[in-house]
Amino acid sequence: MSTEEEPGAAGPGVPRQPLGLWWLGVLGLGTAVTLLVSQNLRAYGYAMGATLGVLALLRAVLPGHRVGGLVVRGRAVDVATLLLLGASIAALSFTLRLG
């Protein structure tokens, strides 16, 4: 039996944080980047804002072990931060003069 641990493994006594539903943010970001590449800057901003809003909703209603990677600080701080960023990005997208 080897005493070596696999690379990247957490040490003894270090709990691993599951990603949970964090991957939904990656899907939303992928959708937003697709809109950006298709030269639709306003839709990109709305998609980013909506993604952050959905992540805030998930963080607000689901327990910490279900949302995994979205747990950074306290629930209220995480939700407020995600909502503020999402609303700011959507508002900035609304004010764009593109043509």
Cβ-Cβ distance below 8 Å, separation of 6 or more or different chains: which pairs start in region 19-46 with a residue that is aliphatic (A, V, I, L, M) and end on one that is open to solvent by 90 Å² or more (accessible area, probe 1.4 Å) and modelled with pLDDT under 95?
L21/R66; L41/L98
Can you tell me which residues in region 43-61 are more than 14 Å from the chain's Cα centre (by Cα) and surrounded by fewer than 15 Cβ atoms within 10 Å (Cβ to Cβ)?
V61
Assess whether G28 counts as being modelled with pLDDT of 95 or more, in contact with a helix residue (DSSP H, G or I) (Cβ under 9 Å, 6 or more places away or on another chain) and within 19 Å of I89 (Cα to Cα).
no
Using beta carbons and a limit of 6 Å, which pairs, at least six apart or on different chains, have the first residue in region 50-62 and over 10 Å from R75 (Cα atoms) and the second one open to solvent by 60 Å² or more (accessible area, probe 1.4 Å)?
L52/L85
Please enumerate the residues belonging to region 34-49 that are part of a helix (DSSP H, G or I) and not aliphatic (A, V, I, L, M).
T34, R42, Y44, G45, Y46, G49
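The values are calculated or read from the model by the stated rules, or taken from the named source; none is laboratory data. Every value quoted in this text rests on a predicted model; they were computed, and no experiment measured them. Every residue, glycine among them, receives a Cβ derived from its backbone with ideal geometry; neighbour counts consider all protein chains shown. The protein model used for the area step is the full one, side chains on, heavy atoms only, and it has no ligands, DNA or RNA in it. Shrake-Rupley method; radii C 1.70, N 1.55, O 1.52, S 1.80 Å.
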